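Asker: Before I ask anything, let me first share the structure, which is written out below as structure tokens.
The values are calculated or read from the model by the stated rules, or taken from the named source; none is laboratory data. Treat the numbers as computed from the prediction; the structure is a model and nothing was measured. Virtual Cβ from ideal backbone geometry, glycine too; neighbours counted across all protein chains shown. Just so you know, the surface numbers come from the protein's heavy atoms only, side chains and all, with ligands and any DNA or RNA stripped out. Shrake-Rupley method; radii C 1.70, N 1.55, O 1.52, S 1.80 Å.
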Amino acid sequence: DQQVKQNSPSLSVQEGRISILNCDYTNSMFDYFLWYKKYPAEGPTFLISISSIKDKNEDGRFTVFLNKSAKHLSLHIVPSQPGDSAVYFCAASASRGSARQLTFGSGTQLTVLP
Amino acid sequence: DTGVSQDPRHKITKRGQNVTFRCDPISEHNRLYWYRQTLGQGPEFLTYFQNEAQLEKSRLLSDRFSAERPKGSFSTLEIQRTEQGDSAMYLCASSFGTRGIQYFGAGTRLSVL
């Protein structure tokens with residue numbers, strides 16, 4: 001039972017263009033969402049987050065959009081650069097309890113072509 | 001400011017052996033998490049510490065797994081009587097406070113032969 005789904009295992013984009021990575025969730029208790037980037041042989045690196053009280057958060061070239069009614073979020077990278085090539089994970093957490101453990105999607109491999 | 005450190009980076013063991021991994025979190029972080037990642041999947045939550053107290057354990061954490069965080073600093077994850085299904089990347093993360101971002105270490109890759 002996957003509560004966080006990333007349905008695209010891979011995405012290729014030309015350098016300078018926009019990359020759009022998508023994520024869907026099923027658990028309505030999730031109220032905090034994060035995107036992590038992972039290079040081979042490294043741990044996931046935090047990119048950007050969004051609280052459920054917002055619908056957009058922007059940080060430089062990275063913007064995350066949240067559509068609560070559709071239980072969908074997306075990460076936009078503009079402009080895409082070859083160094084952005086990595087696996088991107090969507091993650092979610094719920095404020096119930098104190099743990100705030102993250103539930104991850106299965107990841108999307110982004111390849112930015114020069 | 002050092003990040004989360006995990007040791008060893010790689011561990012190869014034979015089925016039935018015990019293994020222990022260590023995680024050193026970012027020094028001021030009071031929360032420490034263990035996750036497991038298998039090929040093609042995202043990390044899955046195993047267990048969580050707030051300071052030295054282990055407050056939550058996933059159903060994934062069988063009786064063969066035990067984790068400690070003495071004095072609320074570094075943590076160890078031990079797997080007893082390893083099985084081939086235990087082969088995975090074991091990731092440690094730490095954070096500060098309720099809404100703190102979790103920062104991950106590079107992980108320990110376990111291969112059980």
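Asker: Kindly provide the set of residues from region B:47-69 that are at pLDDT below 95 and among the aliphatic types (A, V, I, L, M), ordered by number.
Answerer: Within region B:47-69, B:53, B:55, B:60, B:61 meet the criteria.
Asker: What residue, among those in region B:63-87 that are outside any helix (DSSP H, G or I) and out of contact with any Asp or Glu (no Cβ under 9 Å at 6 or more places or on another chain), is surrounded by the most Cβ atoms within 10 Å (Cβ to Cβ)?
Answerer: Looking at residues that are outside any helix (DSSP H, G or I) and out of contact with any Asp or Glu (no Cβ under 9 Å at 6 or more places or on another chain), I get B:82.
Asker: Considering only region A:16-69, state which residues are closer than 27 Å to residue A:114 by Cα, touching a residue at least 40 places away in the same chain (Cβ under 8 Å) and over 10 Å from the mean Cα position of the chain (by Cα).
Answerer: Across region A:16-69, the qualifying residues are A:16, A:17, A:18, A:19, A:38, A:39, A:44.
Asker: Tell me the strands (runs of 3 or more DSSP E) entirely within chain A that contain at least 2 residues that are more than 14 Å from chain B (Cβ to nearest Cβ).
Answerer: Of the strands (runs of 3 or more DSSP E) lying wholly inside chain A, those with at least 2 residues that are more than 14 Å from chain B (Cβ to nearest Cβ) span A:10-14, A:19-25, A:56-59, A:62-67, A:72-77, A:108-113.
Asker: Could you tell me which of the residues A:31, A:59, A:55, A:84 is surrounded by 18 or more Cβ atoms within 10 Å (Cβ to Cβ) and among the acidic types (Asp, Glu)?
Answerer: Of A:31, A:59, A:55, A:84, the one residue that is surrounded by 18 or more Cβ atoms within 10 Å (Cβ to Cβ) and among the acidic types (Asp, Glu) is A:84.
Asker: Please go through region B:25-67 and pick out each residue that is touching a residue at least 60 places away in the same chain (Cβ under 8 Å), under 12 Å from the mean Cα position of the chain (by Cα) and more than 30 Å from residue A:7 (Cβ to Cβ).
Answerer: Listed by number, the residues that qualify are B:25, B:32.
Asker: Inside region A:7-28, can you point out the residues that are closer than 15 Å to residue A:65 by Cβ and open to solvent by less than 60 Å² (accessible area, probe 1.4 Å)?
Answerer: A:19, A:21, A:23, A:24, A:25
Asker: Would you check which residues across region B:21-52 are farther than 21 Å from residue A:37 by Cα, surrounded by 14 or more Cβ atoms within 10 Å (Cβ to Cβ) and of a type in the set (Ser, Thr, Tyr) and list them?
Answerer: Residues satisfying the conditions are B:47, B:48.
Asker: Collect the residues in region A:93-114 that are open to solvent by less than 30 Å² (accessible area, probe 1.4 Å) and at pLDDT below 95, keeping them in residue-number order.
Answerer: Passing the criteria: A:93, A:94, A:99, A:100, A:102.
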